[in-house]
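Report on the structure given below.
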Amino acid sequence: MSIPPQKTALPRRIDARKLVQREQQLDGVVPSEALPRLGESVESVSGDVVVELTFSRDLQRNQMASGHLTLDVNMLCQRCLQPVAQHVEGELAWGFVWSEEQGKALPKSLDPVIQEGDELDLYQVLEDEILLNLPMVAFHDGECVPQEHFHSEAPGKAADEQQENPFKVLEQLKGSSSGSK
Ligand SMILES: [Zn+2]
């Protein structure tokens, strides 16, 4: 067990304009308690969200920040309904704008982040990014539930039906000699 290096909490409210001017680098954490929507979306969050952000201007003089975030959560395995640990990562590429109209002018490589007024709720923007990067469903790597049990528990899923019919699988095997899938 290694002890992760202590990082300071990021400020919740920032003025993107100032951080861009200073070409500020932020390297810190967001306490998971400060992210209620994330808390509702997963079973639990392990530790804090680790964030690195660099504020700058791109070649077109757009005010932007790039970086990444990582966190560890527990989600419910959709087979056995027990918690399964998931490592979540997200790449961040934000273009700061002050209206939706300005956002439309940004290059596609930047996700518009609208700062209303003098301050931006950094935690809320990060929480949006985390929710976008959460896996839709989670499963244990191994077979946490015996297959026959799984089949009776979760009927009607297309992927399972294919496995359930051995003759269909045989047909597919026979027909797959041409290499098409
Ligand atoms: Zn499981």
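The values are calculated or read from the model by the stated rules, or taken from the named source; none is laboratory data. Everything numeric here is computed off the predicted structure, so don't read it as measured data. All Cβ positions, even for glycine, are placed from backbone atoms using ideal geometry, and neighbour counts span all protein chains on display. The area values use the complete protein model at the heavy-atom level, side chains included, leaving out ligands, DNA and RNA. Shrake-Rupley method; radii C 1.70, N 1.55, O 1.52, S 1.80 Å.
Observations
- The residues of the range 13-133 expose on average 54 square angstrom of accessible surface per residue, using a 1.4 Å probe on protein heavy atoms.
- Volume per residue that the Cα convex hull of the range 64-124 spans, once the total is divided by residue count, Å³: 120
- Lys18, Lys104, Lys7, reordered so the largest accessible area comes first (probe 1.4 Å): Lys104, Lys18, Lys7
- Val30 accessible area, assembled protein chains, probe 1.4 Å, Å²: 0
- Centre-to-centre separation between the Cα atoms of the range 75-105 and those of the range 20-47: 11 Å.
- Solvent-accessible surface (1.4 angstrom probe) belonging to Asp27, in square angstrom, nearest 10: 80
- Gain in span if fully extended, Lys108 to Gln60, counting 0.36 nm per residue against the direct Cα distance: 16.0 nm
- Sequence of Glu116, Glu43 from largest to smallest accessible area, 1.4 Å probe: Glu116, Glu43
- Rounded if a/c under 1.5, otherwise prolate or oblate - the range 13-133, Cα gyration tensor axes: prolate
- At R0 = 30 Å, FRET efficiency that the Cβ-Cβ distance of Cys144 and Asp121 yields, to 0.05: 0.20
- Accessible-area value, Arg12, 1.4 Å probe, nucleic acids and ligands omitted, Å²: 100
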